1. With a sphere of radius 11 Å drawn around the Cβ of B:Leu359, what net charge do the other residues whose Cβ falls strictly inside it have (Lys, Arg +1; Asp, Glu -1)?
2. Determine the shielding of peptide A:307-318 by partner chains: average, over its residues, the number of Cβ atoms on other chains within 10 angstrom of each Cβ.
3. Cut-off is 10 Å between beta-carbons; in what order do A:Glu149, B:Glu276 appear when sorted fewest neighbours first?
4. At 222 nm, what value in deg cm²/dmol follows for chain B if DSSP H runs of at least 4 each add -39500 (n - 2.57) and the sum is divided by all its residues, to the nearest 500?
5. Determine the distance separating the Cα centre of region B:188-214 from the Cα centre of region B:227-283; give it in Å without decimals.
6. Whole-Hz ³J(HN,Hα) for each residue in region A:258-274, computed from phi via Karplus 6.51 cos²θ - 1.76 cosθ + 1.60 with θ = phi - 60°, x for glycine and proline: what do you get?
7. So what is the orientation-averaged projected area of the protein assembly as shown, using the convex hull of its C-alpha atoms, in nm²?
8. What value, in deg cm²/dmol to 500, does the helix sum -39500 (n - 2.57) over DSSP H runs of n ≥ 4 give at 222 nm once divided by the residues of chain A?
Amino acid sequence: MKFASYASAAVLLVAGALVATGAQAQSRDTIQIAGSSTVLPFASIVAEEFGNAFPEYNTPVVGSGGSSGGLRQFCEGVGESTIDIANASRRIRASEIEACAEAGVKDIREIRIGYDGIVFAADASKADFALEPVHVYKAIAAEVPVDGEMVANPYTNWNEIDASLPDQAISLAIPASNHGTREVFEEKVVLPGCEEAGLPEMDEDAMEASCLTFRQDVVVEIAGDYTETLARLQSNADTIGVFGLSFYDQNRDTLKVATVSGVTPSLETVASGEYPVSRPLFFYVKGEHIGVIPGIEDYVAFFLSDAIAGNGGTLEDAGMIPAPDAEREAVMAAFDEGKAIMASDL
Amino acid sequence: MTDTTASPGTGTVSAEENRARIRKGLARRHRQEAIFRGMGVAAIAAALGFVAILFGMIIFKGAPAFWQATLTAEVYFDPEVIESDPRPVQQEGQSPADYRAELLRWERAVTLSNWNAVVADSIRKLAPDMELERKDALELVTSSVRYKLRDMFVENPDLLGQTVSVSMLGSANTDVWLKGNIDRSLADDRQQLSAATRELADRLAEEGVIRSAFAWHIFTNVDSRSAPASAGLAGAFVGSLYMMLVVIALAVPIGVASAVYLEEFAPKNRLTDLIEVNINNLAAVPSIVFGLLGAAVFINYFKLPLSAPLVGGMVLTLMTLPTIIIATRSSLRAVPPSLRQAALGLGASQTQTVFHHVLPLTFPGILTATIIGVAQALGETAPLLLIGMNAFVANVPATPMDQATALPVQIYLWQGNENRNFFEARTSAAIMVLLGLMIMLNALAIFLRTRLEKRQ
């Protein structure tokens, strides 16, 4: 009995103490980041280096959830239980800026950090692919034009689309719509391919909808990260996956990359603009949290510094394509001025 | 049987017939029993086989990750590279805050020195004839080596101009190359390391400079992305520990109190029946639902911080509560009613009866339920993903309010790391650590139960 009462007293004490710390914790002193899984490795590396270089700040915490997931969390409001920075592999949308403004987040600072290529890669044991956007379109669209009429996609093997492609069953693993990569994939590959394929006359909206309606039988949408895409490739070696250039770079031993429009993706071809499927990477800073959560300004400046995001910097080693110096300086200047992004800027 | 009693005239014949029938029946019954036993043994063998395959695979993959390529190099703290003023000393009359600010400034200046040059020089000295590029030399060791040197210097600025031998961790790619986890016959453009670094690694391994050392840092370091070779589980471990403390502190008192009330005091009516049904249902609710609930209530409504073990612990408490309530109620029901009647008959009040006589008998049951509930909570991942605990956290949380991850979430994160060649083994190693903890918890449950049961 004595034991029981001591034990319960101790347990109640601990419980009370926990609740007390909960009530007391007023100021978060660690930067909280979430969003794009493409930006995640870069942001994590910077966060770690930041923690090492600035002993007075804690190492920022970097979560994932995809560009859309991160921006949704970002737009939940102002306060310590909301994140300070959202990583995105696409630009913020006007609808998201509105949602943010409604929740009280009005001072959104846009930071463009560099560029990333999107690559098509197959299992290393497979034949080489020299893809054109139109091939990809014809492989994944639900309906394709045949002799000027839209018919259900008849293609089962790549060589039926174009004789130059290998005789291999069509199977594609593409990012699901929670990923910013999906938007770039649609805009830079599928839509140009669709245009080239020459759809019959129809109004613009119907055209876009038709271009972006994918068949369900051979296209797998991956909501998770690139390792999930890789697992798809391992379970079905015919699958062609859509990856970020940096992910491909770390797994060159198991993956074989396809050329797009005759250009092999690499740091150089993406930086020069030769490789067509590239996109800028961003993060968005909640202006309302600057000065409340310590270290945000230093984090931004550190991220954009030459040693990190510049040519030959840490992030280039990790696979990000650096932005030209002038562009980074302009981004930094806009941040310092406190220029918030508006829906009208988009 | 009825035949023999019904017609005694044909007794001998039917008795023999009977025996034959029984013998036949007996053989069939024996056969049935043998088949059933055989099936049982086969089922156990299959189950054990699966467990053996699972454990075998994990251990086979994960065990090598506990040993990592490590080397010792002579590091010269070159005064020409490390630009540093003398370390500030606290002046008389200087406030501690000012002194700390000055010290931070000094540390920042030290950090900004080109430590990579210091590291590269010490690597080059290991193979002076190879004339390595700085990049090739740096690839050999993990990138956190430069912070290790910086920390050594900050600790002891007298190192300037001295040469000390420092143990360095090989980089993840070096480790992968030396362990043969990447196909060594692949062409240069598909390898992660440059040809020069691969040659250097092979040569140093042959000379015994690079050796395979036990990776204690898996237990002492936090997660790392910029230096994957030094990634460890310390942050996730402490995060899990805090969560389990929260779970024990909340789930045990609430669970035991509700069980005692429902079992010993509550009137039996519609309402208590309804509560009982709901508790049983709660035990079957998928854990992800508790995660959604936690995100909506604790984070959005109560504004508790994201990624905090406190919130994680509260969510897991919801999940553990039904387990503890149900187990406590069944052990209360197992206490013989005569005990209660005797206590009541001697004039003890209801409360005295329960707390002096009934509850102490249920301790082994409550304890087992708690430990099993905690072990279950320890391995839970899904609800934690929804409250922001699947983040990259490079700190050891100091309090349950700080951001942290948990062990199973760390496994999930490593599983998704883009450096597959290195992290595949690391993931299995983390699984081994988690399984080890689970086995220890379950062993503790069994040990305590037998001990307490013996004492009674």
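Derivation of every value follows stated rules applied to the coordinates shown; laboratory data play no part. Remember, predicted model here, so these are calculated numbers, not experimental data. Neighbour counts are summed over all protein chains in view; Cβ atoms, including those assigned to glycine, are modelled from backbone coordinates with ideal geometry.
1. -2
2. Details: counts 1, 0, 0, 0, 0, 1, 0, 2, 0, 0, 5, 3.
For this peptide, the per-residue mean of nearby foreign Cβ atoms is 1.
3. Listing A:Glu149, B:Glu276 from fewest to most nearby Cβ atoms yields A:Glu149, B:Glu276.
4. Values: 18 runs with 279 residues, N = 456.
Computed ellipticity for chain B at 222 nm equals -20000 deg cm²/dmol.
5. Measuring centre to centre over Cα atoms gives 50 Å.
6. Running phi through 6.51 cos²θ - 1.76 cosθ + 1.60 with θ = phi - 60° gives 9, 7, 10, 6, x, 10, 7, x, 7, 3, 6, 5, 6, 4, 7, x, 5 Hz.
7. Numbers: hull surface 217.1 nm².
The directionally averaged projection comes out at 54.3 nm².
8. Numbers: 16 runs with 141 residues, N = 346.
When only DSSP H runs of four or more count, the value is -11500 deg cm²/dmol.
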